[in-house]
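Notes for the one structure printed next.
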Amino acid sequence: VLAISLDELAVRLGAVVLGDGNLRISGAGTLRSAGPDQVTFLANPRYRQQLAETRAAAVVLAPADRELPTRAAKLVCANPYAAFAEALALLHPPPEVTPGIHPTAQIDPSAQIAASACIGPHCVIGRDAIIGDAVVLEAMASVGAGSAVGAASRLHPRVSIYAGCRIGQRAIIHSGAVIGADGFGFAPEAGAWRKIPQVGGVWIGDDVEIGANTTIDRGALEDTVIEDGVKLDNQIQIGHNVLIGAHSALAGCVGVAGSARIGRHCRIGGGAVILGHLEIADGVTIQAMSLVTHAIREAGEYSSVWPAMPHREWLRTVAAVRRLPSLSDKLRGL
Amino acid sequence: VLAISLDELAVRLGAVVLGDGNLRISGAGTLRSAGPDQVTFLANPRYRQQLAETRAAAVVLAPADRELPTRAAKLVCANPYAAFAEALALLHPPPEVTPGIHPTAQIDPSAQIAASACIGPHCVIGRDAIIGDAVVLEAMASVGAGSAVGAASRLHPRVSIYAGCRIGQRAIIHSGAVIGADGFGFAPEAGAWRKIPQVGGVWIGDDVEIGANTTIDRGALEDTVIEDGVKLDNQIQIGHNVLIGAHSALAGCVGVAGSARIGRHCRIGGGAVILGHLEIADGVTIQAMSLVTHAIREAGEYSSVWPAMPHREWLRTVAAVRRLPSLSDKLRGL
Amino acid sequence: VLAISLDELAVRLGAVVLGDGNLRISGAGTLRSAGPDQVTFLANPRYRQQLAETRAAAVVLAPADRELPTRAAKLVCANPYAAFAEALALLHPPPEVTPGIHPTAQIDPSAQIAASACIGPHCVIGRDAIIGDAVVLEAMASVGAGSAVGAASRLHPRVSIYAGCRIGQRAIIHSGAVIGADGFGFAPEAGAWRKIPQVGGVWIGDDVEIGANTTIDRGALEDTVIEDGVKLDNQIQIGHNVLIGAHSALAGCVGVAGSARIGRHCRIGGGAVILGHLEIADGVTIQAMSLVTHAIREAGEYSSVWPAMPHREWLRTVAAVRRLPSLSDKLRGL
């Protein structure tokens, strides 16, 4: 574990110290959990009460909160949550990586592997694949023919990248993610389904994070596109030829059907489903578990959420809704 | 990349050429994207406008559309979408496979591996497993004891097949799929759960495609059954003892609970959930994100979809619905 | 296949035999499928009719059902379903395991592997990891630095455990599960997202089962916690810092957002979503596909389920609900 003085930390975060700059910080925690050698943060006003009681050595907070009472030293800066993220990164540097190729990895002779890359045990890399500078493939990655992984990207164990996919720089891809499997394309023919070969690829920009067991299908004829800075949580399904605009964030278990186009800076709540062949504007927020069935042309918040309630009450509600069409007719009669 | 003359292509598709049969075709695209050496198709009337503007060399279309204006040569046939699929398969043949067993694969001596099969790096094949003719196991497949994979099937990297499962011929199974994990069966006992050993298997017919990270549980006492020609998209969960009838297609993120029986030629939209121990007739379509709670005895389309709307408007709707039971009571008073 | 006499079986199940105790039992089945050398069970009254017709050698049933007519011998005991589970476990013992480390496994020299553990092909075990007595890691498990797997746990092929996670004793973890991937934490900064390093871990109690392709994220600062006896089905997503109380059971495709706290002995239906930063009391049942948006403080059953109905009828319902806010206004006028 590293330790760093409060003064040093303040320089790294661009913060002003109120308190003893010689304090040594060796970890981080919440207002409630942080101990006397740890830093914490206050970003949400509803935790102000906890500030008075924290045992932390120091707290990162905004100028508006600098006068609040606390025994902790203060690190004052404009964006406390982002600064705290920076402090965490300083205190928990990623494990050191030794460049090289593990002897159990199977690399096609035509693949180009940067000398600074680290290829872990049991990885399999196909023909003409390109692995960039300082890329880390942890164990059991599979990178298909002609695919490229951009510089400084990290693939956690057991990531599959099919042939013909392009991953940008500084990607973080979690275990079990699958990039470039066939889109779901079939033509009905004589009572059965004929497979439409999926010959597009996947194009992923820079600074994209992809969660565990998330799947991004390859395009049918053109590419599926994930723009720069997109963040995908776990267990998400992205259909073929979807486009997700830069800096959008999708929470866990979201499904996006084929050829949907999601704008930039959108936020999609967990378990939401976006139907295919529709467009969502920039800056749209979709609530968890909502279903988008039509184009959304204006920024803002959209929902089709039914909050759970006691079962008996819910049954009465459902029954009343079912009588509603006939009720409406009767009312029109009045 | 292959190139093929329009006349040759027409023969393969069973189509009639209107235009220069000597044109060389070396790829395929959409009406909008196809270039002058590519073939495209028109199946949906709403793209007729794009036909006039396409730069494609040739377009596959139906007899009814043969007179529509376009600079492209025409390939006229009864089912343009299926014919286009065939063209794609001709222009993008799967990578050639060299039979043999990769030296890093771990094969139980009792397993039967066809001489024409290709077993990729780091595969693990258990006792008495059977791998059929021309099967391709890409990297890191795991095939449990006594399981069988039928001729000409392809498993993409990182597919798990537990013991006692049967996969038919010409299966395509995508990365991360898990076939034959234990069904979710527990008996309550003294405030805890006692595991019910899941001793059935999984029986999968011919020509089935299974998407990335889809899971199909083994049966409790008898088999879970997926009949011929079923197509499963990504991230689908099939519970124990489910039966899915031939040629049904399930979109991404669908969940099917234990012992549900889905008919033949059904279509289940993305994110839908089918509760357990119920039966769905042949030819049923379930809309995306709908919940099936009771048996469906007649073919047709079923839904319980709430389309997302602006959040404020939605909140008013939810509030009105919640008042509905008491409102109904009052109206009965009128 | 084992065979066991009815008398022996009765001793093991704590049951009383009514019938020929010398009968040999060599398998188990349902009332409908069990053959003349198999045992079956009756737990649900609606299957009583099948009891009269079963061809099974013996049936496990409750004292209340001991007089029901059947040709089968009877094994009478208080909890027939749990006793049948025990019979299944006796008749289908898990495959024998030979302790040892497969030569293709990659084990960090600092890891502690119990002599009685079995480490399968292509496993990868990191620095300072601890693998307990009689643990079985099937093929391609990945166990990160400093993680521990408790005694008698079994990991099916292709399980990922990141660094800093703790799995209790007797865990069963199915293929494709990912424990300890980063939680979904990002701070907005200048129109982009800054990653919050996720430095907590995952703490999993004893007797937990985790389904195929289920994901459990590591905590942001503190641990994500899964208490003793919890059962998680397939394709479940557990966000960072979630706590799931002992003996709760979650069905397939459930999503639990960050920092939600679910009580003990809860049951969550398939596809339900629990929003983050809320608390659910002990003994709560959530229906399939319901959405929990607020704290639930009392035991009981909760729902927000819309059952699917014929599409046209549904469209009328949706339209009527959309008119409801204005309808309410008019009614207030009356």
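The values are calculated or read from the model by the stated rules, or taken from the named source; none is laboratory data. Computed from a predicted structure; not experimentally measured. All Cβ positions, even for glycine, are placed from backbone atoms using ideal geometry, and neighbour counts span all protein chains on display. Quick note on the areas: whole protein, heavy atoms, side chains included, nothing else; ligands and nucleic acids left out. Shrake-Rupley method; radii C 1.70, N 1.55, O 1.52, S 1.80 Å.
For segment A:119-215, the average shadow cast by the Cα convex hull is 6.4 nm², which is a quarter of the hull's surface. Dividing the mean sequence gap of close Cα pairs (under 8 Å, 6+ apart) by how many residues segment B:154-291 holds gives a relative contact order of 16 percent.
Residues of segment B:200-292: accessible area per residue at 1.4 Å, in Å²?
Value for segment B:200-292: 23 Å² per residue.
Between copies, the label points at B:S26 (set 7 angstrom from Cα along Cα-to-Cβ) are spaced 6.6, 6.6 nm, reported in nanometres from shortest to longest. Here is the size of segment B:219-305 from its Cα atoms: Rg then Dmax, 11.2, 35 Å. Residues of segment A:233-251 whose accessible area (probe 1.4 Å, heavy atoms of protein chains only) drops by at least 30 Å² once all protein chains are present, relative to their chain alone: A:D233, A:N234, A:Q235, A:Q237, A:H247. Placing one equal scatterer on every Cα of chain B and applying the Debye formula, the log10 ratio I(q)/I(0) at q = 0.10, 0.11, 0.14, 0.16 Å⁻¹ is -0.79, -0.90, -1.13, -1.22. In this assembly of identical copies, the label point of A:H92 (Cα plus 7 Å along Cα-to-Cβ) is separated from its counterparts by 4.0, 4.0 nm, sorted shortest first. Ranked by the mean number of other Cβ atoms within 10 Å of their residues, highest first, the peptides B:258-269, C:241-252 come out as C:241-252, B:258-269. Would you please state the base-10 log of I(q)/I(0) at q = 0.08 1/Å for the protein assembly as shown, with intensities from the Debye formula using one equal scatterer on every alpha carbon? One equal scatterer on each Cα of the protein assembly as shown leads to -0.83. Label point 7 Å out from A:R55 along Cα-to-Cβ: which residues of segment C:215-250 have amide N under 12 Å? No residue passes the distance filter. Within a Cβ distance under 13 Å of A:V17, other residues only, what is the Lys/Arg minus Asp/Glu net charge? Here the count lands on 0. In the protein assembly as shown, the portion of solvent-accessible area held by carbon and sulfur atoms comes to 52 percent [1.4 Å probe, whole percent, DNA, RNA and ligands not counted]. May I ask you to derive the relative contact order of segment A:134-209, considering only C-alpha pairs under 8 Å and at least 6 residues apart, and to give it as an integer percent? Across segment A:134-209, relative contact order equals 27 percent.
Each peptide in B:189-200, C:143-154 gets a packing score, the mean of other Cβ atoms within 10 Å over its residues, and the list from highest to lowest is C:143-154, B:189-200. Buried accessible surface for the A/B chain pair comes to about 5200 Å², total over both chains, computed with a 1.4 Å probe.
Ascending distances from the C:P103 label point to its copies in the other chains, with the point 7 Å along the Cα-to-beta-carbon line: 1.2, 1.2 nm. Among residues other than B:D65 whose Cβ falls under 12 Å from its Cβ, what is the net charge (Lys/Arg +1, Asp/Glu -1)? My count for the surroundings of B:D65 gives +2.
In percent, what relative contact order does chain C have, based on Cα pairs under 8 Å that are 6 or more apart in sequence?
Working: 946 pairs, mean separation 21.7, N = 334.
Relative contact order for chain C comes out at 7 percent.
Peptide A:255-265 has a mean of 3 when you count, residue by residue, the C-beta atoms of other protein chains within 10 Å of its C-beta.
Counting Cβ atoms of other protein chains within 10 Å of each residue's Cβ and taking the mean over peptide C:266-274 gives 6. Averaged over the residues of B:213-222, the number of partner chain Cβ atoms lying within 10 Å of the residue Cβ comes to 6. Solvent-accessible surface of segment B:37-87, taken per residue with a 1.4 Å probe and all protein chains present: 46 Å².
Once both labels are modelled 7 Å past Cα along the beta-carbon direction, what's the C:A190-B:S110 spacing in nm? It works out to 6.4 nm between the two label points.
Each label point was placed 7 Å from the Cα along the Cα-to-Cβ direction; for C:H277 and A:S26 their separation is 3.2 nm.
Protection proxy ranking of C:129-136, B:155-162, by the mean of other Cβ atoms within 10 Å over each peptide's residues and highest first, is B:155-162, C:129-136.
Under 30 Å of direct C-alpha separation, and excluding same-chain neighbours fewer than eight residues apart, A:K231 reaches these lysines: B:K231, C:K195, C:K231. Placing a label point 7 Å from the Cα of B:L315 along the Cα-to-Cβ direction, the residues of segment A:278-309 whose backbone N falls under 13 Å from that point are A:301-303.
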